[in-house]
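The values are calculated or read from the model by the stated rules, or taken from the named source; none is laboratory data. Computed from a prediction, not measured in an experiment: that's the story for all the values here. Neighbour counts run over all protein chains shown; Cβ positions are idealised from the backbone, glycine included.
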Amino acid sequence: MLTTHLLRPEHVELEEAPVPKPQPGEALIHVKNVGICGSDIHAYYGKHPYIDLPIIQGHEFSGEIATLGSGVKGPPVGTRVTVVPMLHCRQCKNCRNGDYNRCAELKFIGCQTTGAMAEFVVVPEDKIIPLPDSIDDETGALIEPLAVGLHGANIGKVCQGSGVVIMGAGTIGLMTTLAVRALGASVILQTDLEDSKLAVASKLGADHTVNISNGSWQEAMQQAFGREGPDIMIECAGVPAAVQNAVKDAPRGCRIVLVGVYPEPQIPVNLGFVQDHELELRGVAGYTIREFRQAIDLVKAGKITVDNLKGIISARYPLKQAAEAYTFIESSRASVLKVMLAV
C-alpha cells in the first residue's frame, strides 16, 4: 500500500508498505479522504511537543471497512465510515465515564500511532461510526474537526439565544461557528487577523466580524451585544493575548472556553478579575464519541449543511502529492484553511 511518511521536519516521502492485518476487535479501513490538521502542520515543522518523528500522520479521515478482525460485531465490510481517532486505557475513571478525552494515557491515531495518510489503516472497532448516504466521503473526513467545535460549544453550554464571541477564524474557529449556530446561538461575533477568513465566517453564520489588527473588538462587542455583553467566549486561536483580552473584557458571569492550543506554558491572567467577576474558565481537550454522533445528526438534519462544511476546504490534493500540499500550506499560511487529501 502507498503511505506518506513524515521522516523528519519538512520531509515527506511516499513509501510502499505491507497492508496491515486487523487483530481481534479491530477493522482495516480503506481510507478515502484525510484532512491536514493544524497539529499535523506543527509536526511537519518538528514543533509539536507530543508528536515524535518519523510518523505516518492523519487523524481526520473517512473510509470504507475492508476487513474485520475476529470477534468484531460492528458494521459489515463495505460500510462507509468515519473514525474517532482516540486510543485510551479504558480503565480509569474518565474512561469508565465516557470522558476518554481526559484519559492520562490518551493517544491519537496519526499523532502517537500510525495514521491515515495511507491507503489503509487499522482501527479499534468501537471507534468506527457509519456514515449516512447524505454525507459523502470528503464530508466524512470533516466530522472530526466539527466534533472539536461542538465539544467547545457544549463545554460552553451554548443554547438557544446564546450570545457568543469566537476568537479566531481558522478551521476550528469556523467549525465552532457552524456548531454554535446549529445549537441556537442568537448572536455570533467572530474575530481574526485575516479579512479572507472573516469573510468565510460571515458566510457560515457569524453575524458580526472584526479584524482586530485594525479594529476595536471592544467596540465590536458593544455593537453586537449591547451593554450586557456575550454569554460565552470561545478562544480558538491559541494566542496568549486573546486569553488575556477575553478575561479582561468578559462581562460578569461569562463562560470563557479555551479550545486553542497554546505555545507558551504560562500565560499571565488576572485571577482576581476571574474571581471577582465569577468568570468560568474552561479548557477543551478534543471531543468524545458523543460529539461525533452529534455532528453527524446535525448534518443529517440540515442544521449544518454539507456545502458549508466544504466551504472550509481551501485546496485538494491526491495522497501522492502530500508533500506539495504542505508546500501550498506554507505558501498560503495567512489565508489557508483546510487542505484535503484524496486517497
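The table for this structure:
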{"read-out": "Qualifying residue in the stretch 152-173 (condition: of a type in the set (A, V, I, L, M), crowded, with 19+ Cβ neighbours inside 10 Å, modelled with pLDDT of 95 or more and under 30 Å from Thr67 (Cα atoms))", "value": "no"}
{"read-out": "Single unsatisfied condition, Gln57 versus (1) assigned to a loop (DSSP other than H, G, I, E, B); (2) over 21 Å from the mean Cα position of the chain (by Cα); (3) buried (at least 18 other Cβ atoms within 10 Å of the Cβ); (4) modelled with pLDDT of 95 or more", "value": "(2)"}
{"read-out": "Test for Ala185: is it under 18 Å from the mean Cα position of the chain (by Cα) and at pLDDT 95 or above", "value": "no"}
{"read-out": "Breaking point among (1) in a loop (DSSP other than H, G, I, E, B); (2) of a type outside the set (S, T, N, Q); (3) within 22 Å of the chain's Cα centre (by Cα), for Gly74", "value": "(3)"}
{"read-out": "Pick from the stretch 79-119, criterion polar (S, T, N, Q) and farther than 26 Å from Asp297 by Cβ, ranking: surrounded by the fewest Cβ atoms within 10 Å (Cβ to Cβ)", "value": "Gln91"}
{"read-out": "Tally, over the stretch 182-197, of residues that are under 27 Å from Ala301 (Cβ atoms) and free of Cβ contacts under 8 Å to residues at least 40 places away in the same chain", "value": "6"}
{"read-out": "Helices (runs of 4 or more DSSP H) contained entirely in the stretch 236-310, each with at least 2 residues that are polar (S, T, N, Q) and in the same structural domain as Val210 (by TED's automatic domain parsing)", "value": "240-249"}
{"read-out": "Enumeration of residues in the stretch 147-165 that are of a type in the set (A, V, I, L, M) and in contact with a Leu (Cβ under 7 Å, 6 or more places away or on another chain)", "value": "Ala153, Val158, Val165"}
{"read-out": "Residue among Val122, Val72 that is crowded, with 16+ Cβ neighbours inside 10 Å and either at pLDDT 95 or above or touching a Lys or Arg at 6+ places or on another chain (Cβ under 9 Å) (or both)", "value": "Val122"}
